[in-house]
Amino acid sequence: MGKLLTLAVLGVAVALLGERLLSFWHRLAVSRELEPKRLPNCHLIKGIEYGSEDIDILPNGLAFISSGLKYPGVKSFAPDKGGQIFLMDLKEDNPRPVELRISRGFDLASFNPHGISIYVDNDDAVYLFVVSHPHYKTVVELFQFIEDDNSLVHLKTIKHDLLERANDILAVSPESFYATNDHYFSETILMYAEMFLGLSWSNVVYYSPNEVKEMASGFYSANGINISPDGKYIYVADLLDHNIHVFEKHANLSLTPLKVLPVGTLVDNIAIDPRSGDLWVGCHPNGLKILFYDPENLPGTEVLRIQDILSEKPTVTQVYIDDGSVIQGCSVAAVYEKHLLIGTVFHRGLHCEL
């Protein structure tokens, strides 16, 4: 009887393990392969060598780019030094990235920039919020951008227990923001266990100097976050659930879920076209290739454009697809007029003319 019970328990354990493995494989889209679909007027951005994980663009065409991310479990080619914030003026005839100087006293050596967000105040002051992982911890760095000398003045470092796995950020005032936590656990081994077990414990947090609280939860891996041009709706990408959540934002900053749009791919950062309100999303066609980097089987790039997301039938278009031979590990796609910038977790950056 004891042997039968042992075999029964073992059989159940094997069945559960197999089910979890299949589910994990599905979330990583390991069997997904796409034919390249490239645009005719694209070139790699000279000077962006070690990633362009997130991009945010001002109304005047100045594009901010975070670079040099080192993240547990993700490949990095960056040298052993701090990351960088680049600026590209898309109104120039031949836009080139320029590294922004950061004010004295800031610890550049441990700067590890991830998601970014710009906020323009009523007096036209420009604030840049940066999720950073110094020594693989997580903080939010707040800067003011000084356009006259292409510099960032460091204002403060924000750290909070509810932001320990912050990934992307959405500024809503000079001192407050929403942020996504892509996992519940901060330890790498527990993070992998969380993904493997399919735990939907990821969330969105609101931060202000007076209040910090969870605003939305139940994500498998909340990643990109952005807001509609009219400020009424907030969009959150769930990387491992292959969908985008739409929330209504209220005057008290609370969020009400409105709909979930499945898109069938691992969605990373979300950028918004300020004129049309269209969402542009950087995606990973196959998550296994990002998680376990193989130079013989490169991670690809997928860019989606989502039109009329609030309608009953939004239009989802694959604008750009690459197998990794041009650009690897897409994390963001941002537009300004006829310019499209495609950024990556650890690789190059691509500039296309639409």
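Points worth noting:
- Residue match in the stretch 256-267 (condition: modelled with pLDDT of 95 or more, over 22 Å from residue 140 (Cα atoms), assigned to a strand (DSSP E or B) and basic (Lys, Arg)): yes
- Residues of the stretch 95-136 satisfying the condition of being over 19 Å from the mean Cα position of the chain (by Cα), more than 22 Å from residue 270 (Cβ to Cβ) and outside any loop (DSSP other than H, G, I, E, B): 98, 99, 101, 102, 108, 109, 110, 135
- No other residue among 51, 61, 68 is without any contact (Cβ under 8 Å) to a residue 60 or more places away in the chain and surrounded by 15 or more Cβ atoms within 10 Å (Cβ to Cβ) apart from 68.
- Sole exception among (1) farther than 25 Å from residue 118 by Cα; (2) of a type in the set (S, T, N, Q); (3) surrounded by 22 or more Cβ atoms within 10 Å (Cβ to Cβ) for residue 188, by number: (3)
- Neighbours by Cβ (under 6 Å, 6+ apart or cross-chain): first from the stretch 279-292, farther than 14 Å from residue 321 by Cβ; second part of a helix (DSSP H, G or I): 287/28; 288/28
- Looking across the stretch 238-251 at every residue that is assigned to a strand (DSSP E or B) and free of Cβ contacts under 8 Å to residues at least 60 places away in the same chain, the one that is farthest from residue 311 (Cα to Cα) is identified as 238.
- Matching residues, the stretch 75-97, being touching a helix residue (DSSP H, G or I) at 6+ places or on another chain (Cβ under 7 Å) and closer than 25 Å to residue 183 by Cβ: 82
- Strands (runs of 3 or more DSSP E) fully within the stretch 139-222 counting 2 or more residues that are under 16 Å from the mean Cα position of the chain (by Cα): 139-146, 166-171, 177-181, 202-208
- Of the residues screened, residue 289 is one that is out of contact with any His (no Cβ under 6 Å at 6 or more places or on another chain), surrounded by 16 or more Cβ atoms within 10 Å (Cβ to Cβ) and on the phi < 0 side of the Ramachandran plot.
- Residues that are free of Cβ contacts under 8 Å to residues at least 12 places away in the same chain and among the acidic types (Asp, Glu) within the stretch 92-122 comprise 92, 93, listed in sequence order.
- Checked against the criterion of being buried (at least 23 other Cβ atoms within 10 Å of the Cβ) and either modelled with pLDDT of 95 or more or assigned to a loop (DSSP other than H, G, I, E, B) (or both), the stretch 306-318 contains not a single residue that satisfies it.
- Tally of residues being part of a loop (DSSP other than H, G, I, E, B) and of a type in the set (A, V, I, L, M) across the stretch 62-74: 2
- Residue in the stretch 231-245 that is touching a helix residue (DSSP H, G or I) at 6+ places or on another chain (Cβ under 7 Å) and either surrounded by 17 or more Cβ atoms within 10 Å (Cβ to Cβ) or not acidic (Asp, Glu) (or both) present: yes
- Selected residue (criterion: nearest to residue 165 (Cα to Cα)) from residues of the stretch 213-224 that are of a type outside the set (Gly, Ala, Ser) and buried (at least 16 other Cβ atoms within 10 Å of the Cβ): 223
- Screening 254, 217, 186 for residues that are touching a helix residue (DSSP H, G or I) at 6+ places or on another chain (Cβ under 9 Å) and among the polar types (S, T, N, Q) leaves exactly one candidate, 186.
- Listed conditions (1) farther than 17 Å from residue 269 by Cβ; (2) in contact (Cβ under 8 Å) with a residue 24 or more places away in the chain are all met by residue 232, apart from (2).
- Unmet criterion (only one of (1) out of contact with any helix residue (DSSP H, G or I) (no Cβ under 9 Å at 6 or more places or on another chain); (2) under 30 Å from residue 186 (Cα atoms); (3) part of a loop (DSSP other than H, G, I, E, B)) for residue 59: (2)
- Checked against (1) free of Cβ contacts under 8 Å to residues at least 60 places away in the same chain; (2) crowded, with 22+ Cβ neighbours inside 10 Å; (3) not in a loop (DSSP other than H, G, I, E, B), residue 328 passes all but condition (3).
- Of all positions in the stretch 294-301, at least one carries a residue that is within 27 Å of residue 30 (Cα to Cα) and in contact with a strand residue (DSSP E or B) (Cβ under 6 Å, 6 or more places away or on another chain).
- Filter result (β-branched (Val, Ile, Thr) and buried (at least 16 other Cβ atoms within 10 Å of the Cβ)) within the stretch 104-134: 116, 118, 126, 130, 131
The values are calculated or read from the model by the stated rules, or taken from the named source; none is laboratory data. All figures in this text were calculated on a predicted structure; none of them were measured in a lab. Ideal geometry is used to build each Cβ from the backbone, glycine not excepted, and the neighbour counts take in all protein chains shown.
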